[in-house]
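One structure is given here, and the rest of the page talks about it.
The values are calculated or read from the model by the stated rules, or taken from the named source; none is laboratory data. Quick caveat, the model's predicted, so the values are computed rather than measured. When we count neighbours, we look across all protein chains shown, and the Cβ atoms used for this are built from the backbone with ideal geometry, even at glycine.
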Amino acid sequence: MNSEYEVVVGLEIHTELCTRRKAFCGCPNNFRVPPNTNICPTCLGLPGALPVLNPEMLEFALRACLALHTRINQRCHFDRKHYFYPDLPKAYQISQKYRQIGVEGFITIETDDGSEKQVRISDVHMEEDTGTLAHAEAYVRKGTSTVNYNRCGVPLLEIVSHPDMRSIAEVSSYMHRMRDLLDFLAVSDCRMEEGSIRYEASVSLRPFGQEEYGTRVEIKNLGSFRSVEQALEAEIHRQKRILASGTPLRQETVLFDENLKETRPMRSKESSSDYRYFPEPDLPPIVISDELLNEVKRTMPPLRDTVMKTMIEDHSLTPYAAEVLTASRALADYYRDAIRAGGKEMAVPVANWLQNTVLGFLNETGVEIAACPVSAQELADLVRKVEEKKITANAAKTCMRESLSGKGPLKDLLESQGEAVSDDTQLMQWVGDVMAENPDKVEAYRGGRTNLIQFFVGQVMRLSKGRAQAQKVKELLERELGG
Ligand code: ZN
Ligand code: MN
């Protein structure tokens, strides 16, 4: 049954842009504050209030268009999309319908067999977000709903693909690559759990070899990679079942029920004429000068591929390490800052420390790298001290863990730990003490049980409170015990 039909998927992505202010007014672009506090006459659509385009939104949109290789319409404009919903006080959304900022680009994704292919982007356009409704929150009286307008006017970028994906795995690769792109461009904070990227998928099936597309169903309101994948799985299954029974599919819009893992009809699809689009009369047409375009090109942040390449070629990291350290832009930036502070010769040891100690801690505690209690500079200093054998790796690790858990600044913890001891007189003192305390083990060692060396090293390390150089201790012990 699986081989009868080819899956055809297109994806629309809405991403909130992390500009400082909203799209068309001076309100801070932060809706995670008490309800209805980040609002003004403009984003509420009160009579007489006029929108003004935030230049930062334009710049962010241009970055995305450039990274997605679209043609850029240096003259474009906004349009009104009319519909009524309580979270949309103006009863229209400012969007781009007739002349979007970017058209016809592509993004490269990985296919099921590991090769790469291009998925065409039909357009990239700017629009504004709506408010939110609250039904179940503690402050809402049972049986009622309240509306919060904080999110009204938050800048959105909508990226629409052609129906070029042929499997759920391809869709997954598309979503990951797109998230990386938006993250490394620094245009979105990509917090899926807070809804900063949302998806709509259109799915159809057709017999293999058939040119013409089958009837398309749109799945709305998907908030995570997982829900997109699960919704597609359910919808593909449903369509196959209907087609197998000989019934024609209806073109419609469906919602995905996360609990039941099934899609159900929402409404038959409006045609775009239902929205009564027309050019937004309150905003002048957008004119993108060559100067602006060149400036945006000149200041484009490097994408993930480029950052990985630098790590591998300039910093001698393994492809695996480069992949781990570019899992997010914040992490890649942290690494870059540590290398800037510590010098290029620290590139490999800093990468190791970051992967083995810092990321381990962050994963365990769920703390984000941006909130890491140890700064990039502090990490670089610590690694340098270890490399120069001023402290032992063990002591450094202990201090690092303590500082990460909030027990104080790394510098203070390192000072209280004391410098590494490599002075022979002091080390010999500890070696002598340990041998005197364990005459039976000394005898056993000399009788051939040389693996007891680990026991002796451990005892000396304990006496030194971790400050002794383990290698040096081992050498001294071998010399003393051998005689
Ligand atoms: Zn406002
Ligand atoms: Mn939209």
With (1) within 16 Å of ligand 2 (Cβ to nearest atom); (2) exposed (fewer than 14 other Cβ atoms within 10 Å of the Cβ) as the list, and THR130 as the residue in question, which single condition is left unmet? (2)
Taking segment 137-158 and keeping residues within 16 Å of ligand 2 (Cβ to nearest atom) and in a loop (DSSP other than H, G, I, E, B) leaves ARG151, CYS152, GLY153, VAL154
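Quick one: is ALA23 more than 16 Å from ligand 1 (Cβ to nearest atom) and either closer than 22 Å to LEU283 by Cα or in a loop (DSSP other than H, G, I, E, B) (or both)? Let's see the steps before the verdict.
Details: more than 16 Å from ligand 1 (Cβ to nearest atom): no; either closer than 22 Å to LEU283 by Cα or in a loop (DSSP other than H, G, I, E, B) (or both): yes.
Against the criterion (more than 16 Å from ligand 1 (Cβ to nearest atom) and either closer than 22 Å to LEU283 by Cα or in a loop (DSSP other than H, G, I, E, B) (or both)), ALA23 does not qualify.
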In segment 317-346, the residues that are at pLDDT 95 or above and farther than 23 Å from ALA371 by Cα: LEU317, THR318, PRO319, TYR320
Failed item in (1) touching a Pro at 6+ places or on another chain (Cβ under 9 Å); (2) part of a loop (DSSP other than H, G, I, E, B), with GLN210 passing the rest: (1)
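Regarding segment 259-278, can at least one residue be identified that is of a type in the set (A, V, I, L, M, F, W, C) and closer than 30 Å to ARG63 by Cα? Lay out the reasoning, then the answer.
Initial filter on segment 259-278 (of a type in the set (A, V, I, L, M, F, W, C)): 260, 266, 278.
Pick out the ones that are also closer than 30 Å to ARG63 by Cα and you get 278.
Yes: one or more hits.
One line per residue, one yes/no per condition, for (1) within 30 Å of ARG80 (Cα to Cα); (2) crowded, with 19+ Cβ neighbours inside 10 Å; (3) in contact with a Cys (Cβ under 8 Å, 6 or more places away or on another chain):
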| site | (1), (2), (3) |
| --- | --- |
| ALA169 | no, no, no |
| MET192 | yes, no, no |
| VAL217 | yes, yes, no |
| LYS240 | no, no, no |
| GLN251 | yes, no, no |
When every residue in segment 219-235 that is among the aliphatic types (A, V, I, L, M) and within 10 Å of THR263 (Cβ to Cβ) is compared, the one surrounded by the most Cβ atoms within 10 Å (Cβ to Cβ) is ALA231
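Looking only at segment 13-59, count every residue that is within 16 Å of ligand 2 (Cβ to nearest atom) and either at pLDDT below 95 or within 19 Å of the chain's Cα centre (by Cα) (or both) and tell me the total.
Looking only at segment 13-59, we keep the residues that are within 16 Å of ligand 2 (Cβ to nearest atom), and these are 13-17, 23-24, 57.
This time we only want the ones that are either at pLDDT below 95 or within 19 Å of the chain's Cα centre (by Cα) (or both), so: 13-17.
Count: 5.
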